[in-house]
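Working notes, beginning with the structure itself.
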Amino acid sequence: MPEHRTDHIEKNKTEARQGVTLHSMRYVLGISLALVIVAFVLAYFLTR
């Protein structure tokens, strides 16, 4: 039978994540993804 423990530590969202959410990183990810898609499309049409 599982053991139930009551000695747990509660953390807020930032402590549990152990990181900082930067809103600019969303733009970097979106722009990078768009550039990769454009690069693959160009490579496809240039090698046909």
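Every number in this text was worked out from the coordinates using simple rules, so none of it is lab data. Given the structure is predicted, the values throughout are model-derived calculations rather than measurements. Cβ sites come from the backbone with ideal geometry, for glycine too, and all protein chains shown count toward neighbours.
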Under the 7 Å Cα-to-Cβ spin-label approximation, S32 and T47 lie apart by a distance in nanometres of 2.2
Simple SL model, points at 7 angstrom along Cα→Cβ for T6 and H23; separation in nm is 4.3
